[in-house]
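A short worksheet on the structure shown next.
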Amino acid sequence: MFLCLQYQNQQKLFTMETANKTSITVENTVNAPVEKVWEFWTDPKHITQWNNASDDWHTPRAENDLRTGGKFTARMEAKDGSFGFDFGGTYDDVQEYRSIAYTMGDGRQVKIDFTPQGGATKVSETFDAESTNSIELQRTGWQAILDNFKKYTEAN
């Protein structure tokens, strides 16, 4: 097993590989209290505003049953209509204002931790990598979505 630390735009990115699977962690500190960060992360009316990795993508709809055993889905599409997909899963554990763990539709695991830091909140998201796209592409995409979340939350 190895741990690789990389710094990009003052944010730590981690990759941990084992013989069986690769987990990737992206994180950012949002200048907002944990209650606001939680609301903006989990409320579909906010999810549709920040859940994209670039300006040429959007999330036209999202549904969220935020409870252990609940399900969520978000429709992600290219704005030009050339491609789209549904992203969803089932919540394995929900600890209000602290953490969310879920299993994606393809069986991969995700855990998000929300850590208050004074008036700010550190959001740390760890997910199992998939085998189709490179680790770097996955890390970059998930970090871009998290950066978009930070930007949206701080502006509203």
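The values are calculated or read from the model by the stated rules, or taken from the named source; none is laboratory data. Keep in mind it's a predicted model, so treat the numbers as computed, not measured. Neighbour counts run over all protein chains shown; Cβ positions are idealised from the backbone, glycine included. For the accessible areas, the whole protein counts, side chains as well, though only heavy atoms, and no ligand, DNA or RNA atoms are used. Shrake-Rupley method; radii C 1.70, N 1.55, O 1.52, S 1.80 Å.
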What relative contact order, as a whole-number percentage, does region 53-115 give when Cα pairs under 8 Å and 6 or more residues apart are counted?
-> 23 percent
Sorted by accessible area with a 1.4 angstrom probe, largest first, how do K111, K71, K122 fall?
-> K71, K111, K122
Cross-link reach from K150 to lysines, straight Cα distance under 25 Å and at least 8 residues apart if same chain, gives K12, K36, K45, K71, K79, K111, K122
What nm value, rounded to one decimal, do you get for the distance between T73 and A120 when each label is placed 7 Å out toward the C-beta?
-> 3.7 nm
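Which value at 222 nm does the chain reach when only helices count, each DSSP H run of 4 or more adding -39,500 (n - 2.57), with the total divided by all residues and rounded to the nearest 500 deg cm²/dmol?
Numbers: 3 runs with 37 residues, N = 156.
My calculation for the chain gives -7500 deg cm²/dmol from helical runs alone.
Largest first, how would L66, L137 line up by accessible area (1.4 Å probe)?
Values: L66 55, L137 100 Å².
Most to least solvent-accessible, the answer reads L137, L66.
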Neighbour count of at most 14 Cβ within 10 Å plus DSSP loop: longest GluC sites (Glu not before Pro)-free window in the chain | 1-95
So what's region 97-156 giving for Rg/Rh, alpha carbon basis, Kirkwood Rh from the mean inverse pair distance?
-> 1.01
Round to the nearest 10 and report in Å² the accessible area of F85, as given by a 1.4 Å probe over the protein chains' heavy atoms.
-> 80 Å²
